[in-house]
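Data first, discussion second: the structure below is written as structure tokens.
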Ligand SMILES: [Zn+2]
């Protein structure tokens, strides 16, 4: 018993080392073994063993670096290691209300194709959801003259409370039922492993890898679309909470027994700021028979309509109060406001900034920066693809250990 535990711990340690080496190669690009050892503060022998395993699994490849200067020994070109881009095809998927965006990337994250699949229904039964994911992926593969059977892993980002560890959706605005284990459904329709993640977490991942969060250790991403999401990066890592239910900024309460939220509770922030909430408020306020669109509300506010101005202004004040609470809780380096829609300027207006200032505990230090990033759905999908690459890396390294035992 003890022996197997020791052996299993040794395997775990080898896997951790392999993944660290792989991550180092991913983050720096082509790098020599000695530089990996130095960056990871480990021995060259350990790195040689790990890279040999990764090479035999086809995850990395050797390339010739530049020939060193004359003073270096024999002037032989240095051997560098890089990811083997062609070894795996990975898909990133973002499920929005009216469409599914798919991006196919290679193992290095280089985009192969992107594809948008229309959705007739914003909320689906889990079985229909799985079938739609399959259809979108198949179309994306066809558009790139690839087969779905070539895909090594799919990461799917959806709004809601998601336990990413076990592909369990506590609640999502894309599903008609609560408490859904998507693993069996997805494995029935897809020929490869699938990973579910909260969409705001994927935007945070994308911001960290490609966007305004690059190089930052502690930052928050607030996503503004149909609902309001939050991705928390602390000490360089995504924070999800114990049950995967953390970071539900849209459902923090800003009003006792307030407006009805799509989650079923009252007084949530997104019941005032989410796209659906603005449309509901504006439609009720104007006693219109046809629902307004967001564009109608902005246009009316621009032309001086007092009711539309009031709806947007209240949303801004609620949002500012929410942001000041985030700053009080996390004291981040910066907050990134990220949205797919063209216009959420009213959420970072001077009036909102004043509300934030008034709500933040007073210290003699500047406030965290609040930056705005307008990302399309394809960029959310890119975050999903990045998460998919991470998960496929973990699976493949685990397979290495299993094959060796
Ligand atoms: Zn809510």
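Each reported figure results from applying straightforward, stated rules to the coordinates on display, with no laboratory input. This is a predicted model, so every value here is computed, not measured. For neighbour counting, all protein chains shown are included, and Cβ atoms are generated from backbone atoms with ideal geometry for every residue, glycine included.
Some points to look at:
- Most mobile listed residue (163, 106, 364) in the chain, GNM with C-alpha springs under 10 Å: 364
- When both the range 111-127 and the range 137-196 are represented by their alpha-carbon centers, they are found 11 Å apart.
- GNM flexibility winner over the chain from 191, 44, 366 (Cα, springs under 10 Å): 366
- Under the simplified labelling scheme, the residue 402-residue 43 pair shows an inter-label distance of 3.0 nm, with each label point 7 Å from Cα along Cα→Cβ.
- Degrees, to the nearest 10: 199-210 long Cα axis against longest axis of the chain: 50
- Once both labels are positioned 7 Å from their Cα atoms along Cα-to-Cβ, the gap between residue 120 and residue 372 label points is 3.8 nm.
- In percent, rounded to a whole number, the relative contact order of the chain is 15, using alpha-carbon pairs under 8 Å and six or more apart.
- Contact order, relative form, for the range 48-153: 20 percent (alpha carbon pairs under 8 Å, 6 or more residues apart, mean separation divided by residue count).
- Rounded to 0.05, the FRET efficiency of the residue 66 and residue 111 pair, given R0 = 30 Å and the Cβ-Cβ distance, is 0.60.
- Potential lengthening between residue 176 and residue 293 on full extension [0.36 nm per residue; Cα-Cα distance subtracted]: 39.8 nm
- FRET efficiency, residue 310 to residue 235 (Cβ-Cβ, R0 60 Å, nearest 0.05): 0.90
- In this rough spin-label picture, where each label sits 7 Å from Cα along the Cβ direction, the residue 27-residue 333 distance is 1.2 nm.
- Highest mean packing first, where packing is the average number of other Cβ atoms within 10 Å per residue, the peptides 169-182, 146-159 line up as 146-159, 169-182.
- Ellipticity estimate at 222 nm from DSSP helix runs (n ≥ 4, -39,500 (n - 2.57)) divided over the chain, nearest 500: -14000 deg cm²/dmol
- Efficiency of FRET from Cβ geometry, residue 243 and residue 10, R₀ 35 Å, rounded to 0.05: 0.65
- Cα shape, the range 11-131, gyration tensor, a/c 1.5 rule: prolate
- Annotation: extensible slack from residue 52 through residue 285 equals 77.2 nm (criterion: 0.36 nm per residue apart, minus Cα-Cα distance).
- Build a GNM of the chain with springs between Cα atoms under 10 Å apart, and of 101, 338, 145 the one that fluctuates most is 145.
- The chain: radius of gyration over Cα atoms, expressed as a fraction of 2.2 N^0.38 Å: 1.10
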